[in-house]
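Only one structure is covered here, and it is reproduced in the block below.
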Amino acid sequence: MCSSMLIRTGRAAVVLALLAGTPAIAAPPPATEMTEADRARWTELLETYFPGRAAEPAGDMLRLEAPYRAADAALVPIAIHVAPQQGDPVRRLHLLVDDNPVPLVFTAEIGERGLPHMLETRVRVDQYTHVHALAETESGRLLETSAFVKASGGCSAPALKDPEQALARMGRMKLNLPTDIRAGQPVEAQALISHPNNSGLQFDQITRTYIQPHYIERVSIRYNGAPVLDVKTDISMSEDPSLHFRFVPDAEGMLEVEAVDSKGATFRQSWPVGAPPA
């Protein structure tokens with residue numbers, strides 16, 4: 001009832017203004033629309049990370065899911081969905097948070113056993129910003145789409161876990177798989193890596209100094225030795241990185257995840273995957 005009264009009141013104000021010969025006040029553009037400054041920033045980022053190349057609107061070929069208002073700026077869920085294609089397949093996915101200190105969150109190379117149709121993760125967002133997803137095809141086309149996220153302070157937010165516990169668990173991994181897996185059929189999986197992923201912008205209240213950056217730089221996923229996904233990441237990835245991806249097992253085998261962090265530490269873990277014939 002209240003909302004309908006507000007709508008009627010708003011309409012009445014416009015009618016009265018028109019009758020009085022006074023133009024109604026135009027509503028401000030939605031925050032999701034890119035301003036001139038936003039477009040200039042995006043042009044700058046394209047030239048920085050993809051020099052000399054242009055990006056074209058993806059339309060229905062690419063979809064980016066992001067919360068309009070994030071519950072936690074240090075753990076913002078992001079999902080990229082690519083429509084099935086023929087003739088010019090997607091080989092890489094890129095994610096950028098435009099106004100972060102380091103905008104490029106990741107570049108993901110799709111391997112022979114991987115599928116580009118879905119990739120999900122969690123990111124840090126430093127201020128209200130546009131987020132861009134780019135799909136790079138085999139021929140070199142860049143398809144782009146964007147979303148607006150209201151969040152701030154994610155890059156400097158303190159870690160959720162106790163630092164000593166985080167260091168003790170660093171490098172441990174978990175893999176979530178469905179119960180029914182068939183050879184030759186797409187499988188949706190989630191890899192979780194325990195790591196503080198310090199951005200270098202977090203302040204230690206005890207030592208009164210900034211915590212040194214220490215984060216996962218690369219994640220490689222293989223199935224029976226064949227590449228599924230190779231992801232290069234940076235400080236915009238959240239604490240305890242999560243990757244939700246799809247792959248196609250050709251037979252029963254092993255899924256291996258290897259992660260390398262910015263201090264050179266390497267973590268590996270593998271899991272058996274039962275894949276009876278489809």
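Computed quantities for the displayed model
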item	result
Output for region 232-244, where each listed residue is open to solvent by less than 40 Å² (accessible area, probe 1.4 Å) and assigned to a loop (DSSP other than H, G, I, E, B)	ILE235, SER236, SER238, GLU239, ASP240, PRO241
Unmet criterion (only one of (1) more than 17 Å from the chain's Cα centre (by Cα); (2) touching a residue at least 40 places away in the same chain (Cβ under 8 Å)) for VAL123	(1)
Considering residues of region 91-121 that are surrounded by 22 or more Cβ atoms within 10 Å (Cβ to Cβ) and under 16 Å from LEU142 (Cα atoms) only, the residue modelled with the lowest pLDDT	PRO116
Region 245-278, residues that are in contact (Cβ under 8 Å) with a residue 24 or more places away in the chain, loosely packed, with under 15 Cβ neighbours inside 10 Å and among the basic types (Lys, Arg)	LYS263
Members of region 169-191 found to be open to solvent by less than 50 Å² (accessible area, probe 1.4 Å), within 20 Å of the chain's Cα centre (by Cα) and not aliphatic (A, V, I, L, M), listed by number	GLN190
Filtered residue count, region 198-244, keeping only those that are farther than 18 Å from LEU175 by Cα and free of Cβ contacts under 8 Å to residues at least 60 places away in the same chain	17
Only one of THR32, THR43 that is assigned to a loop (DSSP other than H, G, I, E, B), under 30 Å from GLN202 (Cα atoms), modelled with pLDDT of 50 or more and among the hydroxyl-bearing types (Ser, Thr, Tyr)	THR32
In region 126-163, residue least open to solvent (accessible area, probe 1.4 Å) [restricted to those that are in contact (Cβ under 8 Å) with a residue 60 or more places away in the chain and polar (S, T, N, Q)]	THR145
Criterion (assigned to a strand (DSSP E or B) and farther than 17 Å from SER242 by Cβ) met by exactly one of LEU119, LEU96	LEU96
Number of the exception - GLN86 against (1) open to solvent by 40 Å² or more (accessible area, probe 1.4 Å); (2) farther than 22 Å from PHE245 by Cα; (3) of a type in the set (S, T, N, Q)	(2)
The lone exception for ALA166 - which of (1) over 30 Å from ARG39 (Cα atoms); (2) open to solvent by 60 Å² or more (accessible area, probe 1.4 Å); (3) touching a residue at least 24 places away in the same chain (Cβ under 8 Å); (4) not aromatic (Phe, Trp, Tyr) it fails	(2)
Residue under evaluation VAL125, criteria (1) in contact with a Gly (Cβ under 7 Å, 6 or more places away or on another chain); (2) assigned to a strand (DSSP E or B), criterion not met	(2)
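Each row is one residue, and each column tells you yes or no for (1) at pLDDT 95 or above; (2) open to solvent by less than 20 Å² (accessible area, probe 1.4 Å); (3) among the aliphatic types (A, V, I, L, M).
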{"site": "LEU201", "(1), (2), (3)": "no, no, yes"}
{"site": "TYR210", "(1), (2), (3)": "no, no, no"}
{"site": "ARG218", "(1), (2), (3)": "yes, no, no"}
{"site": "ILE221", "(1), (2), (3)": "yes, yes, yes"}
{"site": "ASP230", "(1), (2), (3)": "yes, no, no"}
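The values are calculated or read from the model by the stated rules, or taken from the named source; none is laboratory data. Bear in mind that the values here come from a model prediction, so they are computed numbers and not experimental data. Every residue, glycine as well, gets a Cβ built from its backbone with ideal geometry; the counts of neighbours run over all protein chains shown. Surface areas here come from the heavy atoms of the whole protein model, side chains and all, with no ligands, DNA or RNA. Shrake-Rupley method; radii C 1.70, N 1.55, O 1.52, S 1.80 Å.
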